[in-house]
Every structure is written in structure tokens, then in C-alpha cells.
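The values are calculated or read from the model by the stated rules, or taken from the named source; none is laboratory data. Bear in mind the structure is a predicted one, so any value in this text is a computation, not a measurement. Neighbour counts run over all protein chains shown; Cβ positions are idealised from the backbone, glycine included.
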Amino acid sequence: MERVEVRAGQIPAADATALRAAEDRLLKLTKPTGSLGRLEELVKRLAAIQAEPLPWVDPPAVLVFAGDHGVTEEGVSAYPSSVTAAMVDNFLNGGAAISVLSRMIGAELTVVDVGVDSEPLPPRPGFLPRKVAPGTRNLAREDAMTEAETRTAIDIGSEAASDAIRGGARALALGEMGIGNTTSATALIAAITRRAPAGLVGRGTGIDDPTMERKRSVVQRAVDRVGPRTAPVPLLAALGGFEIAAIAGAALEAARQRRPILVDGLISTAAVLWAALLNDRIIDHLVAAHRSAEPAHSVALDHLGLVPYLDLSMRLGEGTGAVLGLVLCDAACRLLREMATFEEANVAGRLRPG
């Protein structure tokens, strides 16, 4: 059995004992029952993932995987592929949105080049050069990756997650960069959910109406080309991207090691949707940080049975929504840990109904 299948098979179930302990403490805190709303649901989920009655997400790590897509030759994006390498440089120079948000929460940002179509980028702190190939092939005409390339990209993501966890990360926010990757992610979601592609395609980088029509046509052609192919690795090879495969690998490893996975937008969600084909226990380890403006994102979240914690009409990617989700996770954990119980505050019964 290949490594990715072994890794997927080792994902533990959510820990019911830790969940009940967190739930019991929530009932004792100085507040009306359930008054913290979905923050209570969130902290119980974190407890079940970590198998810890008092979960903790500090310190977190932010992993951004970058790769280019051959499908851009079909004219599906408002930007050329060269923007991917430029944005990787911007991430590392601290000028991108994900750089700002990572600094804000004190998270270590690591950028991994899995398949950027550029000359090798210079080494620097926070950068991992792990290029499988300089971009994928055009998924509208042929498989985007070989199965061997796909497995290599999955392993790269797994190793990056494992390194972050060894470095002390208690939660992982997963993001991406890759011009053309909304086309790839949408095609993958359409194939997995068996939904008609036409209703799933979004504006991505802010494309105009003619480009939108081309994008719809390209996604439909890609899904039609793949046909009824359902085996997970061949499907990902046909429609995915190096960064999508790496995110899937990182998520599988994080789940295996009981680290909460903060899922970002369309691309990251497509990756974990695919990972769930290998083992749907991974769903219990996911935190859907936000709902993006991309229509396929909502379809993927619904398919996974996940309700996002934020809805800000974002469609940037990079892991920005995932990092904002980490803020909520940190708040939920601190409330559970630091609020006084009725007994500790000597107000037993005073906030209870009746």
C-alpha cells in the first residue's frame, strides 16, 4: 500500500471523552447555558480533535503551498502565471495579506514551492523549495499531473505539516497560491460531488463575463474528459494541482497527529474534500474557517457537512480566512480555560434560569 493510503488509514476518530469533558466545563462557566453560541461548538470540536479537555491552538503554523497551472493557456484568469512567483516573493517579503495576518496572530508562515513556473527562487527563512515540476499540464486537454507527481506532491505536504508539528504547532492553517487554481479546484469539486460545473464556476481573480464563459467551458471539458474516473489518486492527478495535492497531504498528516486543520477557501476545501475520499474520518479534524464568495466552495462545504464560522465574502485565498479562523479558535480555547466556574466565582445558581 502506498504512503498516502497508509497515512489516511491512521487518522484517529474524534475523542468523545475529551468532548464530554469540555462540554461539562462549559456548563459550569459563569454564563447562561449555550450563550457563547458557536464558540462553544468550536471549542468542543477542538477538544475532540486534540483529545484534550482543555484544547489549545497556540502556537499555530501557517503553511502556504504554491504551484502553477497549465490550464491558464485557456485564458481562464485575469492574471498571467508569472504572478504566482511574484506573489511568493511578496509573501516572503512580508507584503501579502497572509503575511500581515500571520504576523498579527504571531504565527510562523512557511511558503512551499511545489510547482511554481519560474527559475528557482533564492533560499530564505520561511521558504521551502520543493518543486515537483514547473506547473501542471492543461487539464482541459490532458491529465494535469502523473500519478507519481501527484503522490510526490502529497508527500511534500505531509512532510511540511510534520515539520511544523515537530516545531510545536498545535494547529495548522492551510493556504495556497497559484494562478488558475480556482479552475482546477472547481473541476475537482464538480467531479467529486457530481454537480453540474456550470453552476459552480466563480469569478476567481475577478474575471469579466467573456472570461467567465471560457472558464465554464473549460471546467465542463475537463470533467467530461475525465468521465466516470473515481479512484482517488487518478482523479486528483487528472484535475488537481501540485499545491492542491500538497494541501491534501498536509491535512492528512495533521489529522493523523490530532492537529486541528483550519481550512481556508475554495482551493483548500477542494483538497480536503478529495482527502475525505481516502478516509472520511478526516472531516472530524477540519475546522471550516470561512465561506468564500466562490459558489463551488459552498457546495464542497455542504458535501463535507461543514458549516463555516465566518462569512465575509472573501475570495483571496492564501490562507487568509484560515488565519482569521485561528483567531476564533484561540478565543474559544481561552474562554473555556480562563472563565471562572459558578463555584469559583461564588455565584452558583445566580445565572441559571429560574
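If I ask for residues that are basic (Lys, Arg) and over 22 Å from the mean Cα position of the chain (by Cα), which ones from the stretch 69-126 would you list? Residue satisfying the conditions is 124 alone. Checking each residue in the stretch 299-335 for being modelled with pLDDT of 95 or more, surrounded by fewer than 20 Cβ atoms within 10 Å (Cβ to Cβ) and of a type outside the set (A, V, I, L, M) picks out 302, 303, 305, 311, 330, 334. Flag not set for residue 105, criterion: surrounded by 24 or more Cβ atoms within 10 Å (Cβ to Cβ) and either on the phi > 0 side of the Ramachandran plot or out of contact with any Pro (no Cβ under 6 Å at 6 or more places or on another chain) (or both).
Scanning the stretch 210-248 for residues that are among the small types (Gly, Ala, Ser) and either farther than 16 Å from residue 184 by Cβ or modelled with pLDDT under 95 (or both) yields a count of 2. For the stretch 54-81, residues that are more than 18 Å from residue 169 (Cβ to Cβ), assigned to a loop (DSSP other than H, G, I, E, B) and either acidic (Asp, Glu) or in contact with a Ser or Thr (Cβ under 6 Å, 6 or more places away or on another chain) (or both) total 7.
Could you list all residues from the stretch 99-124 that are assigned to a loop (DSSP other than H, G, I, E, B), over 14 Å from residue 82 (Cα atoms) and free of Cβ contacts under 8 Å to residues at least 24 places away in the same chain?
122, 123
For the stretch 259-293, enumerate the residues that are of a type in the set (Asp, Glu) and either within 11 Å of the chain's Cα centre (by Cα) or buried (at least 24 other Cβ atoms within 10 Å of the Cβ) (or both). Passing the criteria: only 264. Remark: residue 193 matches the filter, which requires a residue to be polar (S, T, N, Q), in the same structural domain as residue 150 (by TED's automatic domain parsing) and farther than 19 Å from residue 136 by Cα. Residue pairs whose Cβ atoms lie under 9 Å apart, separated by 6 or more positions or on different chains, with the first residue in the stretch 281-299 and without any contact (Cβ under 8 Å) to a residue 40 or more places away in the chain and the second surrounded by fewer than 24 Cβ atoms within 10 Å (Cβ to Cβ) and among the β-branched types (Val, Ile, Thr), are 288/307; 291/307.
Residues that are surrounded by fewer than 18 Cβ atoms within 10 Å (Cβ to Cβ), assigned to a helix (DSSP H, G or I) and at pLDDT 95 or above occur in the stretch 163-183; there is at least one.
Number of residues in the stretch 249-272 that are in contact with a Gly (Cβ under 7 Å, 6 or more places away or on another chain) and under 18 Å from residue 294 (Cβ atoms) equals 5. Checking the stated criteria, residue 84 turns out to be assigned to a helix (DSSP H, G or I) and either basic (Lys, Arg) or in contact with a Gly (Cβ under 7 Å, 6 or more places away or on another chain) (or both). The listed residues are 231, 296, 255, 248, and the only one of them that is farther than 28 Å from residue 129 by Cα and surrounded by 24 or more Cβ atoms within 10 Å (Cβ to Cβ) turns out to be 296.
Screening residue 78 with (1) closer than 18 Å to residue 251 by Cβ; (2) modelled with pLDDT under 95; (3) not charged (D, E, K, R) gives one miss only, at (1). Counting only residues that are modelled with pLDDT of 90 or more, touching a helix residue (DSSP H, G or I) at 6+ places or on another chain (Cβ under 7 Å) and not in a helix (DSSP H, G or I), which one in the stretch 1-26 is farthest from residue 332 (Cα to Cα)? Here the residue is 10.
If we scan the stretch 8-18, do we find a residue that is at negative phi, among the acidic types (Asp, Glu) and exposed (fewer than 14 other Cβ atoms within 10 Å of the Cβ)? There is no residue in the stretch 8-18 that is at negative phi, among the acidic types (Asp, Glu) and exposed (fewer than 14 other Cβ atoms within 10 Å of the Cβ). Set side by side, the residues 141, 130, 124 differ, and just one is over 30 Å from residue 226 (Cα atoms) and basic (Lys, Arg), which is 124.
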